[in-house]
Amino acid sequence: MHKNTFNNDISSNKMHAHNHSIKCNVNTCTYYDNDYCSANVIQVNPMGDGIAQSSEGTCCTTFVKTNS
Ligand code: SF4
């Protein structure tokens, strides 16, 4: 199981504005901000058996579900 290798504490990882380097449409993530990611850093890992064959085999493990 792949995990984040950095501190994903939202109060320290979330930027005040969105990250212009990372576009994202996952609008149920705490880091989502108007079609951009607002995390300082994200971690992407292969899913499943750990050998990605396409982009669909990758996963943003920094994702944190919004409360609402
Ligand atoms: S942490 Fe991942 S899923 Fe969440 S907004 Fe950023 S790129 Fe998207």
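Here, each number is a calculation from the coordinates, and none is a lab measurement. Because the structure is predicted, anything quoted here is derived from the model rather than measured. When we count neighbours, we look across all protein chains shown, and the Cβ atoms used for this are built from the backbone with ideal geometry, even at glycine.
Computed values, structure above
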read-out: Ratio Rg/Rh [Cα only; Rh per Kirkwood] for the chain; value: 0.97
read-out: Estimated FRET transfer efficiency when R0 is 22 angstrom, pair residue 43-residue 67 (beta carbons, to 0.05); value: 0.55
read-out: Stretch gain in nm, segment residue 26-residue 9, where the contour uses 0.36 nm per residue and the Cα spacing is subtracted; value: 4.2 nm
read-out: Computed over the chain: relative contact order in percent, which uses C-alpha pairs under 8 Å that are six or more apart; value: 30
read-out: Derived scalar couplings ³J(HN,Hα) [the stretch 40-52; Karplus, 6.51 cos²θ - 1.76 cosθ + 1.60; whole Hz; x for Gly, Pro]; value: 5, 9, 10, 10, 10, 10, x, 8, x, 7, x, 10, 6
